[in-house]
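> Got a structure for you, written out below as structure tokens; questions coming shortly.
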Amino acid sequence: MNSISGRDPQTGRTIEILMRDGIIAAINDIPSEDPAWLSPGLVDLQINGYQGFDLNADNLTPDTVIELTYSVLATGVTTFLPTIITASEEKIIACLRAIAAARQLNPALRHMIPGVHVEGPHLSPEDGPRGAHPREHIRPPSIAEFDRWQQACGNLVKLVTLSPHFDEAPKYIAALRDRGILVSIGHTQASLEQIHAAVDAGATLSTHLGNGVDDPLPRHPNLLWTQLAEDRLTAMFIGDGHHLPDDTLKVMLRAKGLDRAILVSDVVALGGMPPGLYETPVGGLVELSSDGRLSLPGTRFLAGSGIPLKDVVAHLAATHLSLSESLRLATQNPAHFLGRIGKLQIGAPGDLIRFTWEPAAGVQIESVLLQGTPVGRQNKRSDESRQKTPHIGTDKSAYRQ
């Protein structure tokens, strides 16, 4: 039996958590003035890449997936959905196979990655709602294609983001619902009636609400008001201070309530890299600033998300919510959709983070436990395999600074 201690964000009291066989066995108050906090590990439903490891690379390999997983684990994320964006069916299947193979190679990945999020390819084709998704690969939803995805990866797809403007959308959503798959509304120009039809068919989430829509929108009605008002939808938000103005996010959180809100990073491969100008395979020249903003140089247009979920939590805790509330939106709430616990309670997995937090300094991770074991003891692939992994800064054909 091993243990870890720290302050409970809900009560402020110092607690000691005892773990047996990777499961929380006891939680005890202890007399201590510990400066560090203790929380369940973060749960991110939307990760595209990090520190140069790109889950949407043309040559995605299992080793890249493994390296990416340990990179995000160091930021406190103990559960996540690798996110594959719009592409040809051949490429989507290749990426899914690489993720499935990585899980087979590494027991930690089988625990950390309960499934995959496919964002697209069934999105609105118009500029604005489509975002950075390639127009040439936008296509209507197909149950036959979805089944081919699942066959290729052993049924790993757990979440699909789509636009409900397609005639086929309600039937497709209902079919995925019957298979136990989560469906989220995003990157859309759908009418209010089409959004209501999607929810009636079984859609339960909104993908990065407030982004991936027309700019500007009508004052009212519009699809944001409709999704905010729909109590059957839980909204995912990129609360990094860049994707949504602080006042906008504050009002959206009030509208949805803390029971129906989730924080995601939507972080891309350039996240966690040094500030500077980068040439990317998709989007061309982009600029990563010191505050994590990733944009097209000299414009107000974003080119993706550049900060991990811990910094999203820190931003919300410094602006709109308490630390405990911010953590809930990045642990308990997303974990619920994956059939996990995301709480400090007996019987929960020993996936824990110990960290310090100050408004000016943000969240600083001190230690991460995965199934009760400190991350430093987890085994990655061999050094030889890691040296072959594509990485920004070493694979100059993919990205250049």
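> I'd like the chymotrypsin sites (Phe, Trp or Tyr not before Pro) in the range 218-325 restricted to DSSP loop residues with at most 15 other Cβ atoms within 10 Å, sorted by number.
Answer in residue order: F301.
> Which of R103, R340, R177 has the fewest other C-beta atoms within 10 Å, and how do the rest follow up to the most?
Ascending Cβ contact count within 10 Å gives the list R177, R340, R103.
> Measure off 7 Å from each Cα along the Cα-to-Cβ vector at A255 and T61, then give the distance between these two points in nanometres to one decimal.
4.6
> Considering amide H positions built from the backbone, and no H for Pro or chain starts, which residues 5 or more places from I47, or on another chain, come under 5 Å of its amide H?
Under 5 Å from the amide H of I47: L81, T83.
> Test of understanding: in a Gaussian network model of the chain with alpha carbons linked when under 10 Å, which of G257, G186, G210 would top the mean-square fluctuation ranking?
Looking only at G257, G186, G210, the biggest GNM fluctuation is shown by G257.
> Additional query: Could you work out the helix-only [θ] at 222 nm for the chain, with each DSSP H run of four or more residues adding -39,500 (n - 2.57) and the total divided by the number of residues, to the nearest 500 deg cm²/dmol?
Result for the chain, helices only: -8000 deg cm²/dmol.
> Something else about it: How would you order 51-58, 11-18 from highest to lowest mean count of nearby Cβ atoms within 10 Å?
Listed from highest to lowest mean packing, they are 51-58, 11-18.
> Cut-off is 10 Å between beta-carbons; in what order do C95, C153 appear when sorted fewest neighbours first?
Neighbour counts put them in this order, fewest first: C153, C95.
> Which entries in K256/K310; K256/K343; K171/K256; K91/K158; K158/K343; K91/K256 show an alpha-carbon gap greater than 24 Å?
K171/K256; K91/K256, as the Cα separations exceed 24 Å there.
> Need the C-alpha centroid separation for the range 296-312 versus the range 83-108, integer Å.
25
> Here's a follow-up. Taking the dipole about the Cα centre of the range 76-193, with the C-beta of Lys and Arg at +1 and of Asp and Glu at -1, give me whichever of L109, P164, A152 is farthest to the positive side.
L109
> Ok, one more. Sorted from fewest to most neighbouring beta carbons within 10 Å, what does the list I27, I92 look like?
Ordered from fewest to most neighbouring Cβ atoms within 10 Å, I27, I92 come out as I27, I92.
All of the numbers you see were taken from the coordinates with simple rules; none came from a lab. Just so we're clear, the structure is a prediction, and the values are computed from it rather than from any experiment. Positions of Cβ are generated from backbone atoms using ideal geometry, with glycine treated the same way; all protein chains shown enter the neighbour counts.
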